[in-house]
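Peer 1: Mind having a look at this structure? Questions to follow.
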Amino acid sequence: MGCLASTPKDTGGNRRRPGSIGEVSVYVPGLRIPKPVDFAQSLGDYLSKNIIERLSALRTRIVVMASQEGPTITRTKRKSVTQHGGSTLADLLQALEDYLPVLLGLVKDGSHLQYKVQFVWMNQEDEKEETAMSNAWYEVLSVLHLMAMLLLSKANLLLLPRSSSDGHQQKVSDENRRTSIDIFLKASGYLDCAVKHVLPQLPAELRRNLPVDLAEGVLRALSLQALGQGVDIQLGMAIDSAKATLAVKRRLACEMLKCWQQAQDNIMNLPLANGWGEKHHLLVKWKYVEAKAAAYYYHGLILDEGNTEKSHGMAVAALQAADEYFKESKKLCEAFNAAPPLSRNPPLWGTMKYLSEKIPKDTSSKVRINRDLYTHERYHGSKEKHQEVHFQKFKCKGIERASNFGS
(Lines give C-alpha, C1' and ligand atoms only; values in the text may rest on other atoms or scores of the structure.)
Protein backbone atom coordinates (compact mmCIF):
# COMPACT_ATOMS: atom_id res chain seq x y z
CA MET A 1 0.00 0.00 0.00
CA GLY A 2 1.07 3.59 -0.51
CA CYS A 3 2.79 5.21 -3.43
CA LEU A 4 6.20 6.70 -3.97
CA ALA A 5 7.47 9.63 -5.97
CA SER A 6 10.98 11.05 -6.20
CA THR A 7 11.42 14.17 -8.27
CA PRO A 8 14.16 16.70 -8.99
CA LYS A 9 13.70 19.84 -6.93
CA ASP A 10 14.86 23.42 -6.96
CA THR A 11 18.39 23.66 -5.59
CA GLY A 12 18.47 27.41 -5.24
CA GLY A 13 17.90 29.70 -2.27
CA ASN A 14 18.17 28.35 1.25
CA ARG A 15 18.56 24.78 0.06
CA ARG A 16 21.99 25.34 -1.42
CA ARG A 17 24.55 23.06 0.19
CA PRO A 18 26.87 24.98 2.52
CA GLY A 19 30.55 25.07 1.62
CA SER A 20 31.52 24.90 5.29
CA ILE A 21 29.75 23.80 8.46
CA GLY A 22 32.25 25.28 10.90
CA GLU A 23 33.49 23.55 14.03
CA VAL A 24 32.34 20.00 14.61
CA SER A 25 32.37 18.03 17.85
CA VAL A 26 29.38 15.96 16.75
CA TYR A 27 28.78 15.51 13.04
CA VAL A 28 25.19 15.75 11.80
CA PRO A 29 24.96 14.37 8.24
CA GLY A 30 22.37 16.76 6.86
CA LEU A 31 18.73 17.35 7.72
CA ARG A 32 15.49 16.31 6.01
CA ILE A 33 13.04 19.18 5.52
CA PRO A 34 9.24 18.63 5.22
CA LYS A 35 7.13 20.27 2.53
CA PRO A 36 3.54 21.50 3.09
CA VAL A 37 0.65 19.01 3.10
CA ASP A 38 -3.09 19.70 2.63
CA PHE A 39 -4.71 17.58 5.34
CA ALA A 40 -8.17 19.02 4.65
CA GLN A 41 -8.21 17.76 1.07
CA SER A 42 -7.00 14.28 2.00
CA LEU A 43 -8.79 13.71 5.30
CA GLY A 44 -11.78 16.06 5.13
CA ASP A 45 -14.23 13.17 4.71
CA TYR A 46 -12.78 11.08 7.55
CA LEU A 47 -11.81 13.34 10.45
CA SER A 48 -13.42 16.21 12.31
CA LYS A 49 -12.53 19.77 11.41
CA ASN A 50 -10.85 20.31 14.79
CA ILE A 51 -8.49 17.35 14.36
CA ILE A 52 -7.59 18.38 10.81
CA GLU A 53 -6.89 21.94 11.95
CA ARG A 54 -4.76 20.60 14.77
CA LEU A 55 -2.70 18.42 12.41
CA SER A 56 -2.34 21.26 9.92
CA ALA A 57 -1.26 23.82 12.51
CA LEU A 58 1.31 21.53 14.10
CA ARG A 59 2.87 20.45 10.81
CA THR A 60 2.82 23.94 9.27
CA ARG A 61 4.79 25.20 12.26
CA ILE A 62 7.41 22.52 11.64
CA VAL A 63 7.56 23.24 7.90
CA VAL A 64 8.08 26.96 8.44
CA MET A 65 10.73 26.57 11.14
CA ALA A 66 12.63 23.76 9.38
CA SER A 67 12.62 25.55 6.01
CA GLN A 68 13.89 28.80 7.50
CA GLU A 69 16.39 27.46 10.02
CA GLY A 70 17.07 23.81 9.17
CA PRO A 71 19.79 24.34 6.55
CA THR A 72 21.77 26.55 8.95
CA ILE A 73 21.46 24.49 12.14
CA THR A 74 24.54 22.38 11.42
CA ARG A 75 26.69 25.45 10.68
CA THR A 76 27.97 26.09 14.16
CA LYS A 77 29.58 29.16 15.65
CA ARG A 78 30.51 29.24 19.30
CA LYS A 79 29.12 32.73 19.85
CA SER A 80 25.62 31.57 18.92
CA VAL A 81 25.54 28.42 21.04
CA THR A 82 23.45 29.81 23.87
CA GLN A 83 21.45 32.27 21.78
CA HIS A 84 20.01 31.76 18.31
CA GLY A 85 21.23 28.20 17.68
CA GLY A 86 20.04 26.81 20.99
CA SER A 87 16.61 28.46 20.88
CA THR A 88 15.99 27.36 17.28
CA LEU A 89 16.75 23.74 18.14
CA ALA A 90 14.60 23.81 21.26
CA ASP A 91 11.61 25.33 19.45
CA LEU A 92 11.78 22.94 16.51
CA LEU A 93 12.22 19.92 18.78
CA GLN A 94 9.21 20.98 20.82
CA ALA A 95 7.14 21.37 17.67
CA LEU A 96 8.04 17.85 16.56
CA GLU A 97 7.29 16.43 20.01
CA ASP A 98 3.86 18.08 19.92
CA TYR A 99 3.15 16.79 16.41
CA LEU A 100 4.24 13.15 16.79
CA PRO A 101 1.47 11.87 19.13
CA VAL A 102 -1.22 13.47 16.96
CA LEU A 103 0.36 11.98 13.83
CA LEU A 104 0.35 8.52 15.38
CA GLY A 105 -3.44 8.70 15.42
CA LEU A 106 -3.34 8.16 11.63
CA VAL A 107 -1.65 4.77 12.02
CA LYS A 108 -3.37 3.56 15.20
CA ASP A 109 -4.60 -0.04 14.98
CA GLY A 110 -3.81 -0.27 11.27
CA SER A 111 -6.15 2.59 10.35
CA HIS A 112 -6.80 3.03 6.62
CA LEU A 113 -6.11 6.74 7.15
CA GLN A 114 -2.40 6.02 7.03
CA TYR A 115 -2.66 5.77 3.22
CA LYS A 116 -4.75 8.91 2.58
CA VAL A 117 -2.06 11.61 2.79
CA GLN A 118 0.98 12.01 0.57
CA PHE A 119 3.86 13.24 2.72
CA VAL A 120 6.76 15.01 1.04
CA TRP A 121 10.24 15.56 2.45
CA MET A 122 13.32 17.16 0.90
CA ASN A 123 16.63 15.44 1.48
CA GLN A 124 19.46 17.78 2.40
CA GLU A 125 21.99 15.03 1.74
CA ASP A 126 20.82 14.68 -1.86
CA GLU A 127 19.55 18.03 -3.07
CA LYS A 128 18.36 16.74 -6.46
CA GLU A 129 15.56 14.69 -4.91
CA GLU A 130 12.47 15.03 -2.80
CA THR A 131 10.62 11.90 -1.74
CA ALA A 132 6.84 11.63 -1.43
CA MET A 133 5.04 8.60 0.00
CA SER A 134 1.35 8.04 0.69
CA ASN A 135 2.01 6.32 3.98
CA ALA A 136 1.85 7.93 7.41
CA TRP A 137 4.54 5.56 8.69
CA TYR A 138 6.96 7.32 6.30
CA GLU A 139 6.02 10.57 8.04
CA VAL A 140 6.62 8.99 11.47
CA LEU A 141 10.02 7.71 10.29
CA SER A 142 10.98 11.14 8.94
CA VAL A 143 9.90 12.88 12.14
CA LEU A 144 11.92 10.51 14.34
CA HIS A 145 14.97 10.98 12.10
CA LEU A 146 14.69 14.77 12.26
CA MET A 147 14.28 14.70 16.04
CA ALA A 148 17.42 12.61 16.38
CA MET A 149 19.40 14.90 14.06
CA LEU A 150 18.32 17.96 16.01
CA LEU A 151 19.42 16.30 19.25
CA LEU A 152 22.84 15.53 17.74
CA SER A 153 23.05 19.19 16.67
CA LYS A 154 22.20 20.22 20.22
CA ALA A 155 24.93 17.95 21.59
CA ASN A 156 27.38 19.48 19.14
CA LEU A 157 26.60 22.97 20.44
CA LEU A 158 27.04 21.85 24.04
CA LEU A 159 30.40 20.19 23.35
CA LEU A 160 32.13 23.05 21.54
CA PRO A 161 34.72 24.62 23.89
CA ARG A 162 33.97 28.31 24.23
CA SER A 163 36.44 31.16 24.30
CA SER A 164 36.45 33.66 27.15
CA SER A 165 36.50 37.41 26.63
CA ASP A 166 40.31 37.45 26.87
CA GLY A 167 40.60 34.87 24.09
CA HIS A 168 41.53 31.87 26.24
CA GLN A 169 39.83 28.57 25.62
CA GLN A 170 37.47 27.41 28.33
CA LYS A 171 36.76 23.82 29.25
CA VAL A 172 33.51 22.16 28.33
CA SER A 173 31.65 22.22 31.63
CA ASP A 174 30.77 19.06 33.54
CA GLU A 175 27.13 20.08 33.31
CA ASN A 176 27.30 20.26 29.51
CA ARG A 177 29.03 16.90 29.38
CA ARG A 178 26.42 15.23 31.58
CA THR A 179 23.61 16.83 29.59
CA SER A 180 25.14 15.68 26.32
CA ILE A 181 25.20 12.05 27.53
CA ASP A 182 21.43 12.20 28.12
CA ILE A 183 20.96 13.77 24.69
CA PHE A 184 23.00 11.06 22.98
CA LEU A 185 20.95 8.35 24.68
CA LYS A 186 17.70 10.04 23.65
CA ALA A 187 18.83 10.44 20.02
CA SER A 188 19.94 6.82 19.90
CA GLY A 189 16.57 5.79 21.34
CA TYR A 190 14.64 7.64 18.61
CA LEU A 191 16.73 5.99 15.91
CA ASP A 192 16.46 2.56 17.51
CA CYS A 193 12.68 2.99 17.64
CA ALA A 194 12.70 3.94 13.95
CA VAL A 195 14.59 0.75 13.04
CA LYS A 196 12.73 -1.69 15.26
CA HIS A 197 9.18 -0.35 15.28
CA VAL A 198 8.65 1.93 12.26
CA LEU A 199 10.61 0.47 9.35
CA PRO A 200 8.87 -2.94 9.72
CA GLN A 201 5.52 -1.18 9.19
CA LEU A 202 6.51 -0.06 5.69
CA PRO A 203 5.98 -2.45 2.75
CA ALA A 204 9.18 -3.93 1.31
CA GLU A 205 8.83 -1.93 -1.90
CA LEU A 206 8.66 1.38 -0.07
CA ARG A 207 11.58 0.42 2.17
CA ARG A 208 13.71 -0.26 -0.90
CA ASN A 209 12.89 3.19 -2.26
CA LEU A 210 13.57 5.19 0.89
CA PRO A 211 16.20 7.95 0.53
CA VAL A 212 19.63 6.78 1.60
CA ASP A 213 19.61 8.69 4.88
CA LEU A 214 16.58 6.68 5.99
CA ALA A 215 18.11 3.35 5.00
CA GLU A 216 18.26 0.86 7.84
CA GLY A 217 22.07 0.76 7.82
CA VAL A 218 22.35 4.54 8.13
CA LEU A 219 19.79 4.69 10.94
CA ARG A 220 21.61 1.95 12.84
CA ALA A 221 24.99 3.64 12.27
CA LEU A 222 23.63 6.96 13.55
CA SER A 223 22.19 5.27 16.63
CA LEU A 224 25.52 3.60 17.37
CA GLN A 225 27.37 6.85 16.64
CA ALA A 226 25.29 8.57 19.32
CA LEU A 227 26.03 5.77 21.80
CA GLY A 228 29.75 5.82 20.93
CA GLN A 229 30.05 9.56 21.45
CA GLY A 230 28.14 9.30 24.72
CA VAL A 231 30.62 6.68 25.95
CA ASP A 232 33.47 8.93 24.81
CA ILE A 233 32.17 11.65 27.14
CA GLN A 234 31.89 9.13 29.97
CA LEU A 235 35.49 8.02 29.38
CA GLY A 236 36.64 11.63 29.50
CA MET A 237 34.88 12.12 32.82
CA ALA A 238 36.43 8.91 34.13
CA ILE A 239 39.87 10.18 33.12
CA ASP A 240 39.23 13.31 35.18
CA SER A 241 38.12 11.27 38.18
CA ALA A 242 40.70 10.09 40.70
CA LYS A 243 38.37 7.26 41.72
CA ALA A 244 38.09 5.65 38.28
CA THR A 245 40.36 2.61 37.95
CA LEU A 246 42.22 1.50 34.85
CA ALA A 247 39.77 -1.38 34.55
CA VAL A 248 36.84 1.06 34.38
CA LYS A 249 38.60 3.17 31.75
CA ARG A 250 39.46 0.11 29.66
CA ARG A 251 35.85 -1.11 29.86
CA LEU A 252 34.58 2.27 28.62
CA ALA A 253 37.20 2.38 25.86
CA CYS A 254 36.25 -1.13 24.70
CA GLU A 255 32.55 -0.24 24.82
CA MET A 256 33.24 2.83 22.68
CA LEU A 257 35.22 0.71 20.23
CA LYS A 258 32.34 -1.77 19.96
CA CYS A 259 29.88 1.02 19.13
CA TRP A 260 32.04 2.48 16.37
CA GLN A 261 32.90 -0.95 14.96
CA GLN A 262 29.20 -1.81 14.65
CA ALA A 263 28.51 1.62 13.16
CA GLN A 264 31.12 0.97 10.49
CA ASP A 265 29.72 -2.50 9.81
CA ASN A 266 26.30 -0.95 9.13
CA ILE A 267 27.43 1.92 6.94
CA MET A 268 30.46 0.70 5.01
CA ASN A 269 28.58 -0.99 2.14
CA LEU A 270 25.93 1.69 1.60
CA PRO A 271 26.13 3.88 -1.55
CA LEU A 272 26.97 7.15 0.21
CA ALA A 273 28.45 8.91 -2.79
CA ASN A 274 27.17 12.45 -2.12
CA GLY A 275 29.04 14.94 0.03
CA TRP A 276 27.10 14.59 3.29
CA GLY A 277 27.04 10.80 3.19
CA GLU A 278 30.66 10.41 2.16
CA LYS A 279 31.67 12.70 4.99
CA HIS A 280 29.58 10.61 7.38
CA HIS A 281 31.41 7.49 6.20
CA LEU A 282 34.77 9.17 6.85
CA LEU A 283 33.64 10.21 10.33
CA VAL A 284 32.74 6.65 11.29
CA LYS A 285 36.04 5.33 9.94
CA TRP A 286 38.01 8.02 11.80
CA LYS A 287 36.22 7.49 15.12
CA TYR A 288 36.53 3.72 14.83
CA VAL A 289 40.33 3.95 14.50
CA GLU A 290 40.46 6.56 17.27
CA ALA A 291 38.51 4.23 19.56
CA LYS A 292 40.98 1.43 18.72
CA ALA A 293 43.79 3.67 19.95
CA ALA A 294 42.01 4.29 23.25
CA ALA A 295 41.20 0.61 23.81
CA TYR A 296 44.74 -0.58 23.05
CA TYR A 297 46.20 2.14 25.26
CA TYR A 298 44.27 1.16 28.38
CA HIS A 299 44.72 -2.53 27.65
CA GLY A 300 48.47 -1.92 27.46
CA LEU A 301 48.51 -0.10 30.81
CA ILE A 302 46.71 -2.99 32.51
CA LEU A 303 49.06 -5.55 30.95
CA ASP A 304 52.00 -3.51 32.20
CA GLU A 305 50.80 -4.05 35.76
CA GLY A 306 51.72 -7.73 35.41
CA ASN A 307 54.94 -8.99 36.99
CA THR A 308 56.14 -11.20 34.15
CA GLU A 309 58.40 -10.53 31.24
CA LYS A 310 55.65 -11.77 28.94
CA SER A 311 53.07 -9.30 30.27
CA HIS A 312 55.51 -6.41 29.89
CA GLY A 313 56.23 -7.45 26.32
CA MET A 314 52.51 -7.66 25.53
CA ALA A 315 51.99 -4.25 27.14
CA VAL A 316 54.61 -2.69 24.88
CA ALA A 317 53.01 -4.30 21.82
CA ALA A 318 49.57 -2.94 22.83
CA LEU A 319 50.93 0.55 23.41
CA GLN A 320 52.75 0.52 20.08
CA ALA A 321 49.49 -0.48 18.39
CA ALA A 322 47.72 2.37 20.20
CA ASP A 323 50.36 4.81 18.93
CA GLU A 324 49.99 3.60 15.33
CA TYR A 325 46.20 3.77 15.46
CA PHE A 326 46.33 7.27 16.93
CA LYS A 327 48.62 8.44 14.11
CA GLU A 328 46.25 6.89 11.57
CA SER A 329 43.26 8.56 13.23
CA LYS A 330 44.84 11.99 12.81
CA LYS A 331 45.15 11.40 9.06
CA LEU A 332 41.53 10.26 8.87
CA CYS A 333 40.48 13.33 10.84
CA GLU A 334 42.16 15.54 8.25
CA ALA A 335 40.42 13.66 5.44
CA PHE A 336 37.06 14.08 7.20
CA ASN A 337 37.49 17.85 7.60
CA ALA A 338 38.66 18.25 4.00
CA ALA A 339 35.63 16.42 2.59
CA PRO A 340 32.74 18.70 1.55
CA PRO A 341 31.10 20.40 3.27
CA LEU A 342 34.34 21.57 4.89
CA SER A 343 34.64 21.45 8.66
CA ARG A 344 37.20 21.94 11.37
CA ASN A 345 37.77 20.50 14.81
CA PRO A 346 37.61 22.64 17.92
CA PRO A 347 40.71 22.63 20.15
CA LEU A 348 41.26 19.19 21.63
CA TRP A 349 39.66 18.49 25.00
CA GLY A 350 38.43 15.54 27.03
CA THR A 351 39.43 12.00 26.10
CA MET A 352 41.37 12.81 22.94
CA LYS A 353 43.33 15.70 24.46
CA TYR A 354 44.46 13.37 27.23
CA LEU A 355 45.32 10.51 24.89
CA SER A 356 47.09 12.77 22.39
CA GLU A 357 49.53 13.60 25.18
CA LYS A 358 49.74 10.25 26.94
CA ILE A 359 49.88 7.70 24.10
CA PRO A 360 53.13 8.94 22.46
CA LYS A 361 54.74 9.64 25.83
CA ASP A 362 53.83 6.34 27.51
CA THR A 363 54.55 4.27 24.41
CA SER A 364 58.02 5.77 24.04
CA SER A 365 58.71 5.35 27.76
CA LYS A 366 57.54 1.72 27.98
CA VAL A 367 59.39 0.73 24.81
CA ARG A 368 62.60 2.26 26.16
CA ILE A 369 62.21 0.66 29.59
CA ASN A 370 61.42 -2.71 28.09
CA ARG A 371 64.41 -2.46 25.75
CA ASP A 372 66.70 -1.49 28.63
CA LEU A 373 65.43 -4.37 30.75
CA TYR A 374 65.95 -6.79 27.88
CA THR A 375 69.48 -5.49 27.30
CA HIS A 376 70.19 -5.61 31.06
CA GLU A 377 68.92 -9.15 31.41
CA ARG A 378 70.75 -10.35 28.33
CA TYR A 379 74.02 -8.72 29.45
CA HIS A 380 73.86 -9.92 33.04
CA GLY A 381 72.60 -13.34 31.99
CA SER A 382 75.59 -13.72 29.67
CA LYS A 383 77.98 -12.45 32.36
CA GLU A 384 76.64 -14.89 34.95
CA LYS A 385 76.86 -17.74 32.47
CA HIS A 386 80.46 -16.78 31.66
CA GLN A 387 81.32 -16.67 35.38
CA GLU A 388 79.71 -20.08 35.92
CA VAL A 389 81.72 -21.59 33.05
CA HIS A 390 84.90 -19.96 34.37
CA PHE A 391 84.18 -21.33 37.86
CA GLN A 392 83.60 -24.85 36.51
CA LYS A 393 86.88 -24.73 34.60
CA PHE A 394 88.72 -23.45 37.68
CA LYS A 395 87.14 -26.13 39.84
CA CYS A 396 88.10 -28.83 37.36
CA LYS A 397 91.70 -27.60 37.26
CA GLY A 398 91.80 -27.52 41.02
CA ILE A 399 90.56 -31.09 41.16
CA GLU A 400 93.20 -32.07 38.63
CA ARG A 401 95.94 -30.33 40.66
CA ALA A 402 94.77 -31.94 43.89
CA SER A 403 94.79 -35.28 42.21
CA ASN A 404 98.31 -34.81 40.90
CA PHE A 405 99.51 -33.58 44.30
CA GLY A 406 98.12 -36.67 45.95
CA SER A 407 99.97 -38.90 43.56
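The values are calculated or read from the model by the stated rules, or taken from the named source; none is laboratory data. Remember, predicted model here, so these are calculated numbers, not experimental data. Ideal geometry is used to build each Cβ from the backbone, glycine not excepted, and the neighbour counts take in all protein chains shown. Ligands, DNA and RNA are excluded from the accessible area calculation, which covers all protein heavy atoms including side chains. Shrake-Rupley method; radii C 1.70, N 1.55, O 1.52, S 1.80 Å.
Peer 1: Hey, can you tell me all the residues within segment 17-55 that are open to solvent by 30 Å² or more (accessible area, probe 1.4 Å), within 26 Å of the chain's Cα centre (by Cα) and basic (Lys, Arg)?
Peer 2: Once the filter is applied, which keeps residues that are open to solvent by 30 Å² or more (accessible area, probe 1.4 Å), within 26 Å of the chain's Cα centre (by Cα) and basic (Lys, Arg), segment 17-55 yields only 17.
Peer 1: Select from segment 341-370 the residues that are under 17 Å from the mean Cα position of the chain (by Cα) and of a type in the set (S, T, N, Q) and write down the one among them that is most open to solvent (accessible area, probe 1.4 Å).
Peer 2: 345
Peer 1: Does residue 58 satisfy being open to solvent by 10 Å² or more (accessible area, probe 1.4 Å), under 15 Å from residue 105 (Cβ atoms) and not in a helix (DSSP H, G or I)?
Peer 2: Details: open to solvent by 10 Å² or more (accessible area, probe 1.4 Å): yes; under 15 Å from residue 105 (Cβ atoms): yes; not in a helix (DSSP H, G or I): no.
When the stated conditions are applied, residue 58 does not pass them.
Peer 1: Then there is this: For segment 244-287, how many residues meet the condition of being hydrophobic (A, V, I, L, M, F, W, C) and free of Cβ contacts under 8 Å to residues at least 24 places away in the same chain?
Peer 2: Initially, segment 244-287 is screened for residues hydrophobic (A, V, I, L, M, F, W, C), giving 244, 246-248, 252-254, 256-257, 259-260, 263, 267-268, 270, 272-273, 276, 282-284, 286.
With the extra rule that they be free of Cβ contacts under 8 Å to residues at least 24 places away in the same chain, the set shrinks to 244, 248, 252, 268, 273.
Number satisfying all stated conditions: 5.
Okay, residues lined up against (1) part of a helix (DSSP H, G or I); (2) surrounded by 20 or more Cβ atoms within 10 Å (Cβ to Cβ):
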site	(1), (2)
270	no, no
284	yes, yes
307	no, no
313	yes, no
319	yes, yes
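Peer 1: Does segment 333-340 contain any residue that is open to solvent by 70 Å² or more (accessible area, probe 1.4 Å), part of a helix (DSSP H, G or I) and at pLDDT 95 or above? Explain how you work it out, then say what you get.
Peer 2: We begin by selecting, within segment 333-340, every residue open to solvent by 70 Å² or more (accessible area, probe 1.4 Å); these are 334, 340.
Keeping just the survivors that are part of a helix (DSSP H, G or I) gives 334.
From the residues that got through so far, the ones that are at pLDDT 95 or above too are 334.
Within segment 333-340 (the criterion being open to solvent by 70 Å² or more (accessible area, probe 1.4 Å), part of a helix (DSSP H, G or I) and at pLDDT 95 or above), the answer is yes, since at least one residue qualifies.
Peer 1: Another question, if that's okay. If I filter segment 85-143 down to residues being open to solvent by 50 Å² or more (accessible area, probe 1.4 Å) and touching a Ser or Thr at 6+ places or on another chain (Cβ under 9 Å), which single residue comes out as modelled with the lowest pLDDT?
Peer 2: Among residues in segment 85-143 that are open to solvent by 50 Å² or more (accessible area, probe 1.4 Å) and touching a Ser or Thr at 6+ places or on another chain (Cβ under 9 Å), the one modelled with the lowest pLDDT is 128.
Peer 1: Continuing with the same structure: Within segment 228-251, is there a residue that is farther than 24 Å from residue 303 by Cα, open to solvent by 10 Å² or more (accessible area, probe 1.4 Å), out of contact with any His (no Cβ under 6 Å at 6 or more places or on another chain) and assigned to a helix (DSSP H, G or I)? It would help to see each step written out before you state the result.
Peer 2: Of the residues in segment 228-251, the ones farther than 24 Å from residue 303 by Cα are 228-230, 233.
Imposing the further condition that a residue be open to solvent by 10 Å² or more (accessible area, probe 1.4 Å) reduces the set to 229, 233.
Going one step further and asking which of them are out of contact with any His (no Cβ under 6 Å at 6 or more places or on another chain), we end up with 229, 233.
Remaining after also requiring assigned to a helix (DSSP H, G or I): 229, 233.
Yes: segment 228-251 contains one or more residues that are farther than 24 Å from residue 303 by Cα, open to solvent by 10 Å² or more (accessible area, probe 1.4 Å), out of contact with any His (no Cβ under 6 Å at 6 or more places or on another chain) and assigned to a helix (DSSP H, G or I).
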